[in-house]
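Chemist: Sending over a structure as structure tokens; questions will come in a sec.
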There are 2 protein chains.
Amino acid sequence: MTKDINRQWLLRSRPVGLIQESDFDMIESSIPELKTGEFLIQNLYLSLDPTNRGWMNPVETYVPPVKLGSVMRGIGLGIVKESNNAEFKAGDIVTGLLGWQDYFVSDGSGWMTKIPSFSNVPLSAYLNLFGMIGLTAYFGLMDIGKPKEGETLVISAAAGAVGSLVGQIGKIQDCRVIGIAGTEEKCNWLTQTLEFDAAINYKTESVFNRLKELAPEGIDIFFANVGGKILDAALGNLRLHARIILCGLISQYNATERVPGPYNFPNILTKRATVTGFIVTDYFKRMDEAFKNLYSWYAKGRLHYREEIIDGLENAPKSLNKLFDGSNKGKLIIKISEEPSL
Amino acid sequence: MTKDINRQWLLRSRPVGLIQESDFDMIESSIPELKTGEFLIQNLYLSLDPTNRGWMNPVETYVPPVKLGSVMRGIGLGIVKESNNAEFKAGDIVTGLLGWQDYFVSDGSGWMTKIPSFSNVPLSAYLNLFGMIGLTAYFGLMDIGKPKEGETLVISAAAGAVGSLVGQIGKIQDCRVIGIAGTEEKCNWLTQTLEFDAAINYKTESVFNRLKELAPEGIDIFFANVGGKILDAALGNLRLHARIILCGLISQYNATERVPGPYNFPNILTKRATVTGFIVTDYFKRMDEAFKNLYSWYAKGRLHYREEIIDGLENAPKSLNKLFDGSNKGKLIIKISEEPSL
């Protein structure tokens, strides 16, 4: 054991609007003795994701809300330090809902996965393209979007962790890919490094008008991460039988009043489009299939990603808002502890 | 030829809100001489449908708007009186976009169908369960809804021509069927004659609360004809992986301001539901399959319907609004001419 103190971020109050650090308490606990079947994980990296914000609200979404006074839920990557469980041995690297804390004691139930052992992959990538992010992009696009050669794929939050991967998979599927992002730097990264066909800066351009110009025959596939005006602009430019993958509605996660649905909702009818809600947890059983393909593309140099790794568990609450003001560049990760030399 | 005057309702101005008779002009034209390949249809019945209202607006939906000054578009049933076309002979009964008029000259192009010849079926039924209405209910429910035994099916405008048929097909598929309608009389018809499991009167009850009571585990299939608060109530009560057939948004067809989409739109995501826009014209090629099944159920006495037949082409404009104030009982049809003795 390297430490015997477990720092834990507890949810103190349900945030109103953007989260405040005062919505959380950091406490120091001791690590309980391991019972039969249990094992101790030292957390190395914590993934910060837009969905974390929804978990703090008092309403059940696809998972129950985090209880007030309990450790904030979060996806993490850690190393097994001690084990009374035959399936998980000391030294194993695992991902799961490890929480906003230094240590997690598991009995192996719930979501607890040993990482696949790919060559030349940094550990943080298992919270990114070889983790939930990769599965989300892969199954959302491939299973729900069903991309076909020559189709037009449009992505909101396109420079984000999921969006940037969706676009690159779309290019591999020979789609025409248009990304929507919030800075010139992000737009340039999409078109120059990721080779998207076009990018729209939603802060300086009319998304509706630009989509009409760039996709005059309409959008075949829209990968929706954002909601609000951007979703409306896309729904206003659908092609017949368009598929909309409803993966996120980031723009309204901090809303303090009821947010209306998209004004262009009737276009779903007239264009005979399909809107499908998508949560990656439904696809866990097929993760091997996705990771195999993602790794093969990655090994060929066809998948790029960016990550912003912020040092220190103490920075978790204040960093989460970066996902909502767009100030992060790539996958947002908190580094909790130094990687062990493996 | 019984008459040589063709009364025609022309669209004079684009209605704002509910249509006014003054939005139309009735003119009297002569019937043109038939050219090679053409045939003359005398219209017997005109179908009034909610979608007619959308065709009057200046925006293209799934079909172009009716041009100002041209004959109002409408689905009709008529008899071929004279023919220079080998496929359509005098005496054939046909359906198609015959328009709000006494006579229609066709060259057989576009949508023009000889009615199937079922025994003991009144002609008006070919504008109802053996016409577009039947195809809409059948393919919307069976192909998009994919009903399974024991699932809960909820229908808005359930006492309407499409809705009442959807519910009865749902019962044949062993679903639990809940209908939403606007009068006690309609609700009683749904539960007593059509044997729906329950009915909700949206004018006197909270649809949201009643759905929560009647379907505590959520709705598997929602057949949406209406939009607005009723759509929102259904989206607020979805079961995991619900299917929503977006067939109509009647409540907003007369809107004079932009209507927001459903406030419960995010539930599509959290419940991993699918919303599919549906227009029956996409299924024309498979009409034989639908009519065969519908007739077999009808012949067994399992499909009931109501119709309200209003005499006289002159009453078409003023009757259409009945579909929007809910004062019609069953399929709304204008009788243009006496049926010939066949």
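Bear in mind these aren't lab numbers, they're just calculated from the coordinates by the rules spelled out. Note that the structure is a prediction, hence the values are computed from the model and not measured. Cβ: placed from backbone, ideal geometry, glycine included. Neighbour counts: every protein chain shown.
Chemist: How far apart, in nanometres, would the label points at B:Lys67 and A:Thr36 be if each is projected 7 angstrom from Cα along the Cα-to-Cβ direction?
Modeler: 8.5 nm
Chemist: Now for a separate question. Filter the GluC sites (Glu not before Pro) in segment B:194-281 to those in DSSP coil with at most 16 other Cβ atoms within 10 Å of their Cβ, and list the result. List each step's numbers first, then the result.
Modeler: Numbers: sites: B:Glu195, B:Glu205, B:Glu213, B:Glu217, B:Glu257; in loops: B:Glu195, B:Glu205, B:Glu217, B:Glu257.
Answer by residue number: B:Glu195, B:Glu205, B:Glu217, B:Glu257.
Chemist: Let me ask something else about it. If you take each beta carbon of peptide B:278-284 and count the beta carbons of other chains within 10 angstrom, what is the mean?
Modeler: 2
Chemist: Also, quick follow-up: At 7 angstrom along the Cα-to-beta-carbon line, where would the label on B:Ser119 sit relative to the other copies? Give the distances in nm, shortest first.
Modeler: Its label point is 7.6 nm from the equivalent points in the other copies.
Chemist: Straight-line reach from B:Lys67: which aspartates and glutamates have Cα under 15 Å away, leaving out those fewer than 8 places along the same chain?
Modeler: Here the aspartates and glutamates satisfying the reach criterion relative to B:Lys67 are B:Asp23, B:Asp25.
Chemist: Going by alpha carbons, how many degrees (0 to 90, nearest 10) lie between the helix axis of A:287-299 and the longest principal axis of chain A?
Modeler: Between the helix axis and the principal axis of chain A, the angle is about 70 degrees.
Chemist: Averaged across B:257-264, how many Cβ atoms of other chains sit within 10 Å of each residue's Cβ atom?
Modeler: Mean inter-chain Cβ contacts per residue within 10 Å come to 5.
Chemist: When the chain is fully extended, how far beyond the present Cα-Cα distance does B:Arg258 get from B:Glu213, taking 0.36 nm per residue of separation? Write down the numbers at each step before the final one.
Modeler: Numbers: separation 45, 0.36 × 45 = 16.20 nm, distance 3.23 nm.
Additional length available on full extension: 13.0 nm.
Chemist: Along the charge dipole of segment A:132-281, pointing to its positive end and built from +1/-1 on Cβ of Lys, Arg, Asp and Glu, which listed residue (A:Ser206, A:Thr281, A:Gly150) has its Cα farthest out?
Modeler: A:Thr281
Chemist: Output the Kirkwood hydrodynamic radius of segment B:138-208, Cα pairs only, in Å rounded to one decimal. Walk me through the intermediate numbers first.
Modeler: Details: mean 1/r = 0.0849 Å⁻¹.
Radius from the Kirkwood sum: 11.8 Å.
Chemist: Starting from 0.36 nm per residue, how many nanometres of slack lie between B:Thr191 and B:Asp174 once their C-alpha separation is accounted for?
Modeler: 4.6 nm
Chemist: Taking segment B:119-184, which trypsin sites (Lys or Arg not before Pro) meet the DSSP loop condition and have no more than 12 other C-beta atoms within 10 Å? Each step should come with its number before you reach the end.
Modeler: Numbers: sites: B:Lys148, B:Lys171, B:Arg176; in loops: B:Lys148.
Counting only loop positions with at most 12 other Cβ atoms within 10 Å, the trypsin sites (Lys or Arg not before Pro) in segment B:119-184 are B:Lys148.
Chemist: What area, in nm² and to one decimal, does the C-alpha convex hull of the protein assembly as shown cast on average over all directions?
Modeler: 33.5 nm²
Chemist: Would you mind counting up the charge near A:Ser164? Only other residues with Cβ under 12 Å from its Cβ, with Lys and Arg at +1 and Asp and Glu at -1.
Modeler: Counting the neighbours of A:Ser164, the net charge comes to +3.
Chemist: Taking the beta-carbon count within 10 Å as an exposure proxy, list B:Leu240, B:Leu211 from fewest neighbours to most.
Modeler: Numbers: B:Leu240 15, B:Leu211 26.
Result, fewest neighbours first: B:Leu240, B:Leu211.
Chemist: Same structure again: How far is A:Arg12 from the same spot in each other copy, in nm, shortest first, if each label point sits 7 Å from Cα toward Cβ?
Modeler: A:Arg12 label point versus its equivalents elsewhere: 7.1 nm.
Chemist: Here's something else I'd like to know. Determine the calculated [θ] at 222 nm for the protein assembly as shown from helices alone, applying -39500 (n - 2.57) to every DSSP H run no shorter than 4 residues and normalising by the residue count; nearest 500 deg cm²/dmol.
Modeler: -5500 deg cm²/dmol
Chemist: Further question: Using each residue's phi in segment A:196-202, evaluate 6.51 cos²θ - 1.76 cosθ + 1.60 at θ = phi - 60° and report the 3J(HN,Hα) Karplus result to the nearest Hz, with x for Gly and Pro.
Modeler: These are the phi-based 3J(HN,Hα) values: 4, 6, 7, 9, 10, 8, 5 Hz.
Chemist: Evaluate the relative contact order of segment A:132-281 (contact order divided by residue number), counting alpha-carbon pairs under 8 angstrom at least 6 apart; express in whole percent.
Modeler: Taking the mean separation of contacting Cα pairs over the length of segment A:132-281, I get 22 percent.
Chemist: Neighbouring Cβ atoms within 10 Å as the yardstick, rank A:Leu18, A:Leu190 fewest first.
Modeler: A:Leu18, A:Leu190
Chemist: How high is the relative contact order of chain A, given as a whole-number percent (alpha carbon pairs under 8 Å, six or more residues apart)?
Modeler: Dividing the mean separation by the residue count of chain A yields 17 percent.
Chemist: Report the extension gain between A:Asn84 and A:Asp4 in nm, rounded to one decimal, defined as 0.36 nm multiplied by the number of residues separating them, less their alpha carbon distance.
Modeler: 27.0 nm
Chemist: By how many degrees, 0 to 90 and rounded to 10, does the Cα axis of helix A:161-172 deviate from the longest principal axis of chain A?
Modeler: Between the helix axis and the principal axis of chain A, the angle is about 50 degrees.
Chemist: What distance in nm separates the simple spin-label points at B:Val59 and A:Arg306, each placed 7 Å from Cα in the Cβ direction?
Modeler: Here the answer is 3.6 nm between the modelled labels.
Chemist: Ok, one more. With label points built 7 Å along Cα→Cβ from the Cα atoms of B:Val16 and A:Ser117, find their separation and express it in nm.
Modeler: About 7.4 nm separates the two model spin labels.
Chemist: Follow-up question, since we're still on this one. Can you sort A:Thr36, B:Thr51 so the residue with the fewest Cβ neighbours within 10 Å comes first?
Modeler: A:Thr36, B:Thr51
Chemist: Additional query: Among the GluC sites (Glu not before Pro) within segment A:52-143, which fall in a DSSP loop and have no more than 13 other Cβ atoms within 10 Å of their own Cβ?
Modeler: Filter output for segment A:52-143: A:Glu60, A:Glu87.
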